[in-house]
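Report on the structure given below.
The values are calculated or read from the model by the stated rules, or taken from the named source; none is laboratory data. Small disclaimer: the values here were computed from a predicted structure and weren't measured. Backbone-built Cβ (ideal geometry, glycine too); neighbour counts: all protein chains shown. With ligands, DNA and RNA removed, areas are computed over all heavy atoms of the protein, side chains included. Shrake-Rupley method; radii C 1.70, N 1.55, O 1.52, S 1.80 Å.
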Amino acid sequence: METIRIALVDDQQLFRRGIALLMSENPDFRIVLQAANGNDCLRQLAEVRELPHIALVDMEMPEVDGIGLNVLLKERYPSVKVIILSVHEKQRLIARMIEAGASGYLFKNCDPEELTEAIYSTYRNGFYINQQVLKAIQHASSDKNKSLKSVNNIPIELTRREEEILRLICGEQSNAEIAGQLFISVRTVEGHRNNLLLKTGCQNTAGLVLFAVKYGIYEIDF
């Protein structure tokens, strides 16, 4: 596996240094930039030789905050996966960030082991959503058993195969693993995944997981 390149974006210098020290202990991780706010991050991204795979982004920062930076990164650097770091546990805010394209949402008091797990999962699968976040999303949702609608509020229908693949995606299975389980080609799985993104209007895999939980396609046991 190649070294996972990471950007740290947080206006609290002490917190940044702590995360950087933690990352330096893992040979799989490399910090490619540290920024104090969204504007600072974008300025540095325009100059780095290699883009980060993952950006750990604080929610509250001056100038451009985590919400704004997440949107701008999706527009300008879509290959950069965003994991939000926040003290906020409001269910609607969590759902909003995932719908806006964030690949994960971690509380700042999480264990170092979970942060490490989130980075690996996001690098491999494109998303990381822990049970705490899933539970918040599930409790915040009132759309179970209702007609499916895209994120743009357009009625949609999913085929039985699409729902089956969506559930496997939620189980963090790769395209190759899904193909092997369903006895279809990887290209076919990729086609279904792309169709799911187009139909639902989700920006990434994390959005698909949120959609599946929201409408009861994927159930979480707590």
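Quick notes on this one:
- Tabulated pairs, the stretch 54-76, first at positive phi, second open to solvent by 10 Å² or more (accessible area, probe 1.4 Å), C-beta under 7 angstrom, 6+ apart or interchain: Glu63/Asn37; Glu63/Asn39
- Residue in the stretch 44-52 that is in contact with a Ser or Thr (Cβ under 9 Å, 6 or more places away or on another chain) and under 28 Å from Ser150 (Cα atoms) present: no
- Matching residues, the stretch 183-193, being of a type in the set (A, V, I, L, M, F, W, C) and touching a helix residue (DSSP H, G or I) at 6+ places or on another chain (Cβ under 7 Å): Val186, Val189
- Qualifying residue in the stretch 119-136 (condition: in contact with a Lys or Arg (Cβ under 8 Å, 6 or more places away or on another chain), within 30 Å of Leu21 (Cβ to Cβ), part of a helix (DSSP H, G or I) and of a type in the set (Val, Ile, Thr)): yes
- Residue count for the stretch 41-61 satisfying the condition of being assigned to a loop (DSSP other than H, G, I, E, B), over 17 Å from the mean Cα position of the chain (by Cα) and crowded, with 16+ Cβ neighbours inside 10 Å: 1.
- Ser174, sole failed condition from (1) farther than 19 Å from Tyr105 by Cβ; (2) buried (at least 17 other Cβ atoms within 10 Å of the Cβ); (3) in contact (Cβ under 8 Å) with a residue 12 or more places away in the chain: (2)
- When Gly101 is tested against (1) under 12 Å from the mean Cα position of the chain (by Cα); (2) assigned to a loop (DSSP other than H, G, I, E, B); (3) modelled with pLDDT of 90 or more; (4) not charged (D, E, K, R), exactly one condition is not met: (3).
- Residue-level check: of (1) part of a helix (DSSP H, G or I); (2) in contact with a helix residue (DSSP H, G or I) (Cβ under 8 Å, 6 or more places away or on another chain), Cys202 misses just (1).
- In the stretch 62-78, of all residues being surrounded by 15 or more Cβ atoms within 10 Å (Cβ to Cβ) and assigned to a loop (DSSP other than H, G, I, E, B), the one that is nearest to the chain's Cα centre (by Cα) corresponds to Tyr77.
- Counting the residues of the stretch 79-107 that are of a type in the set (A, V, I, L, M), free of Cβ contacts under 8 Å to residues at least 60 places away in the same chain and open to solvent by less than 10 Å² (accessible area, probe 1.4 Å) gives 6.
- Only one of the listed residues (Thr200, Thr116, Thr122) is closer than 30 Å to Ser86 by Cβ, in contact with a His (Cβ under 9 Å, 6 or more places away or on another chain) and in contact (Cβ under 8 Å) with a residue 24 or more places away in the chain. That residue is Thr122.
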